[in-house]
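Every read-out reported here was derived from the displayed coordinates using simple, explicitly stated rules and does not represent laboratory data. None of the values given here were measured: they were computed from a predicted structure. Positions of Cβ are backbone-derived with ideal geometry, glycine not excepted, and every protein chain shown enters the neighbour counts.
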Amino acid sequence: MAKQKLKTKSGVKKRFKLTATGKVKAGVAGKRHRLISHSGKYIRQNRGTAEIAKPDADRVKLWIPYGLN
């Protein structure tokens with residue numbers, strides 16, 4: 001009998017992207033609500049996506065056994 005395939009965590013599919021070199025990118029936190037208390041500089045600098053730290057990236061990669069796409 002063949003071994004079952006592993007499932008990718010559905011939350012990871014929505015929240016992370018893998019770069020061509022295998023790094024993990026994610027949207028920056030703190031941008032959903034209560035933005036009036038943040039400075040314009042904070043809001044601008046946290047636009048888009050950023051590479052996450054290696055320990056966090058290693059954890060995310062466990063949840064995507066076959067990569068993304």
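Contact map, the range 49-69: first residue among the aromatic types (Phe, Trp, Tyr), second residue surrounded by 10 or more Cβ atoms within 10 Å (Cβ to Cβ), Cβ cut-off under 6 Å, separation 6 or more or different chains; pairs are 63/9; 63/12. Hey, any hits in the range 12-27 for a residue that's touching a Gly at 6+ places or on another chain (Cβ under 8 Å) and of a type in the set (Val, Ile, Thr)? No, the conditions are met nowhere in the range 12-27. In the range 17-28, the residues that are more than 16 Å from residue 59 (Cβ to Cβ) form Cβ pairs under 7 Å with partners that are assigned to a loop (DSSP other than H, G, I, E, B) and not β-branched (Val, Ile, Thr), at six or more places apart or across chains, as follows: 28/46.
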